[in-house]
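Okay, so here's the structure we're looking at.
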Amino acid sequence: MATFKVYLVDTFTRPHQGFSGAPAAVCLLPADIRWSREKLGQIASELGQPETAFIQPLFKREQAVVLDGQREYREASRFTLRWLTPHVEVKFGGHAALAAGHVLFHELDNSTDFLQFDTLGGPLCITREQYQGMERVALLIPADPPYLVDHYHQNSTKDVQLASLPVERRQLLQELTMLITSALGPMAPPLHTVVFGRKSHCLLIHVDAAASQLYDLQPVFTPDVLALGYECKLSCLVLAVTTPHSSSDKRPSRPDVVMRCFAPWLGVSEAPSVGAAYALAGSYWTQQLGRPEFRVLQGHVRQAELSLLVDPNHKDQVQLAGCAVTTLRGTYEL
């Protein structure tokens, strides 16, 4: 019988507060076990979280390792990482990656400040940092440049910086946007800009509305929307607004952008956090807001808080940073 440690973690939370942000499971698989995708999928389905991260330590061949299920996780700085939802394996899961980093740093007392993960989507780096007197976990992901689908705001010239899609692909996404707008109902707010991420396959719809209007939206994913989304190989839909601030608003935690993410094409209706969407959102909102770092509030009933940073000298990467809280520790027997 195989046993391994499992943790449930709330990520992108308010500092030291559970029951918010995006929940994920983290499984510490022994270094000498190799399980099939089907087996990992069964475990993820049993745990029932939006995403489950499976991690294993990687060591140099000449390095002696004592496999006690704990020590290798405290001493290694490089790991394999796979993400599974209850339905499919995904190439990238931002909040589950942050959960994995949180477990290694705070539950296993990993001695390094820099963790590297080998994933299906490529290498991923996770660090810990101090921010406003608290520690949070940060991860670097490849940026996903926004490609223009459509633009509705005639008084802005920001769209000139957006790359163009092939005509046929753009027309399909424009048709999908119109179907989605219809699915939002008669109270749907006007659109500002629609962009697409060719890496993440996310469609981001920038809405001209207040955050309260965004929360009122109840999109209905009709068979037509789902079918065309599958044809476009869509992974998620992002509805987002900016939140103007008055000069008297000095709250350090106030959001600059409010987002809601929907991923019915991956079996998730509304997700409190979608890591792939941040790769696109970071690139897009940096241009729209005119600054490299901004705060995001995502979700409706259950909300995630995080910071996005695009270094002007490294625009090919986006840093996600946020807090996390462990809500359950246990042992899985299989």
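Miscellaneous remarks
- Criterion: touching a Gly at 6+ places or on another chain (Cβ under 9 Å) and of a type in the set (A, V, I, L, M, F, W, C) - qualifying residue of Leu58, Leu28: Leu28
- Positions within the stretch 289-321 being aliphatic (A, V, I, L, M) and closer than 15 Å to Ala211 by Cα, in sequence order: Val296, Leu297, Val301, Ala304
- Taken as a whole, the structure places Gly48 among residues that are at positive phi and modelled with pLDDT of 90 or more.
- There is at least one residue in the stretch 102-113 that is on the phi > 0 side of the Ramachandran plot and among the charged types (D, E, K, R).
- Residues that are of a type in the set (S, T, N, Q) and at pLDDT 90 or above were ranked within the stretch 302-334; the one that is surrounded by the fewest Cβ atoms within 10 Å (Cβ to Cβ) is Thr331.
- Qualifying positions in the stretch 298-333 - of a type in the set (S, T, N, Q) and over 15 Å from the mean Cα position of the chain (by Cα): Asn313, Thr326, Thr327, Thr331
The values are calculated or read from the model by the stated rules, or taken from the named source; none is laboratory data. Treat the numbers as computed from the prediction; the structure is a model and nothing was measured. Virtual Cβ from ideal backbone geometry, glycine too; neighbours counted across all protein chains shown.
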